[in-house]
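In what follows, a structure is listed as structure tokens, so that the remarks can point back to it.
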Amino acid sequence: MDDAGRGPWDDVPRGLGLVLDEDRGALPYTLIHGEALVACAAWALGESGVDILDASVSWEGLVESEEDLVLHDALCPMTPPAFIAACLERARETGRPVVGIRPVTDTVKVVADGAAGQVVGETLDRDALVAVASPLVVPAAVLASLERWPSSDLARAVADLAAAGHEVETLEAPPEGRRVSSPDDVRLLDALTAPLG
């Protein structure tokens, strides 16, 4: 705070955010460091300087607010608040949607239908692929051009934005911003983000 008692976010529109936990089964309520994933994601979103939306806010109300929207996946619970804030800042600088991504480390094969059923084909170049992580920031001007809420599946939301003619910029999330898809992933992320000492 400065001498007038003002914080760093007082002169900057905070943006509005949602923590996405629908259609993710029970995994968002798994514990990491003693807290539910969804609670960790909400904490990170709030600490990034974003105001978390009440679930009762309508689509029309969101558009009328003329605020940027930050969608944060509960399955990326340890995404640092500074990274979320950086994505919001980048979206404001460019006027384009911004999504956090992670490099693909798994082997990815092409699968096609053949005469004898499915056929496993060539291996795709991992360097040409990315995995959508979190957050997805949709600037207010882009929101105003949409007819409804973006999908709660961030990869689908990115594809929908691109199909609507919006260039979506990517920023590489740090390793702790990875998306979990199983209890084993949660245990790995727990170990990766455990406090030292």
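Readers should treat all values here as calculations from the given coordinates under stated rules, not as data from a laboratory. What you are looking at is a predicted structure, and each value in this text was computed from that prediction instead of being measured. Neighbour counts are summed over all protein chains in view; Cβ atoms, including those assigned to glycine, are modelled from backbone coordinates with ideal geometry.
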Which residues qualify? For Asp68, with a placed amide H closer than 5 Å and at least 5 residues away or on another chain, they are Gly15, Leu16, Ala140
Simple spin-label estimate for Ser181/Trp43, 7 Å along Cα→Cβ, in nm, reads 2.7 nm
Simple spin-label estimate for Val63/Leu188, 7 Å along Cα→Cβ, in nm, reads 4.1 nm
Each label sits 7 Å from Cα toward the beta-carbon; between Glu147 and Glu22 the label points are separated, in nm, by 1.8 nm
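Per 0.36 nm of contour for each residue apart, how much would the distance between Glu89 and Ala164 grow if the chain were fully extended, relative to their Cα-Cα spacing?
On the way: separation 75, 0.36 × 75 = 27.00 nm, distance 2.26 nm.
So the chain would gain 24.7 nm between Glu89 and Ala164.
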A correct Karplus calculation of ³J(HN,Hα) over segment 70-80, with 6.51 cos²θ - 1.76 cosθ + 1.60, θ = phi - 60°, whole Hz and x for Gly and Pro, returns 10, 9, 10, 6, 4, 8, 10, x, 9, 4, x
The answer for Ile52, listing residues at least 5 apart or on another chain whose modeled amide H is closer than 5 Å to its amide H, is Gly17
